[in-house]
Amino acid sequence: MCLRENSYIGDNSTVHASSGFSVQIGIGCHISSNVRIFTESVLPDSDFRVKPVPSKAGNVIIAEACWIGANVLINPGVSIGANSVVGANSVVTRDIPPDEIWGGVPAKLIRKKRQQAASAAS
């Protein structure tokens with residue numbers, strides 16, 4: 001796992017990187033409590049009686065300046081674009097472009113961010 005400067009991961013969060021896969025977290029990310037990030041997961045349509053159970057695996061990339069709300073689940077192979085927000089209790093199953101706000105189960109676009117100049121936000 002690569003956690004860059006000025007980023008944090010809240011209490012009770014889990015980052016699980018299977019062998020051969022990685023989780024990258026960019027500069028200035030805010031990852032809330034109880035977040036789950038996985039690079040491997042079983043395929044839900046599989047017959048669980050047949051071993052080994054087929055799985056999906058892939059790297060997870062969270063670009064710089066993202067905010068991930070509490071209780072979010074991030075699935076394998078997902079990229080979250082810079083300056084994006086994932087609302088609390090969401091399940092991320094596909095890539096999120098930069099500068100967007102997503103939420104829900106599964107997570108869907110809520111809206112594009114309305115950018116404010118840094119000086120205007122102060």
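Peptides 33-42, 73-82, 18-27: what's the order by average Cβ count within 10 Å, highest mean first?
On the way: 33-42: 18.1, 73-82: 20.5, 18-27: 15.0.
Top to bottom by mean Cβ count within 10 Å: 73-82, 33-42, 18-27.
Quick check for me: using +1 on Lys/Arg Cβ and -1 on Asp/Glu Cβ, what's the dipole size of the chain about its Cα centre, in debye to the nearest 20? Show your work: numbers first, answer last.
Values: 11 positive and 9 negative charges, 55 e Å.
The dipole magnitude comes to about 260 debye.
Computed FRET efficiency, Cβ-Cβ of LYS113 and SER46, R0 35 Å: what is it to the nearest 0.05?
That gives a FRET efficiency of 0.40.
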Under 8 Å for C-alpha pairs, at least 6 residues apart: give me the relative contact order for the chain, rounded to a whole percent. 18
Percent antiparallel among DSSP beta bridges (both partners in the chain, rounded to 5): 25
With the label point 7 Å along the Cα-to-beta-carbon line of LYS56 and a cut-off under 15 Å to each amide N, the hits in region 92-108 are 92-96, 105-108
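From the helices alone, meaning DSSP H stretches of at least four residues, give me the mean residue ellipticity at 222 nm for the chain, per-run term -39500 (n - 2.57), in deg cm²/dmol to the nearest 500.
Numbers: 1 runs with 4 residues, N = 122.
About -500 deg cm²/dmol.
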What are the lysines whose alpha-carbon lies under 30 Å from the alpha-carbon of LYS56, with same-chain residues fewer than 8 places away excluded? LYS108, LYS112
Could you tell me which label, among [x] 1.15; [y] 1.02; [z] 0.92, carries the value of Rg/Rh (Cα atoms, Kirkwood Rh) calculated for this structure? [y]
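Bear in mind that the values in this text are calculations on the coordinates, not laboratory data. Quick caveat: nothing in here was measured; it's all calculated off a predicted structure. Every residue, glycine as well, gets a Cβ built from its backbone with ideal geometry; the counts of neighbours run over all protein chains shown.
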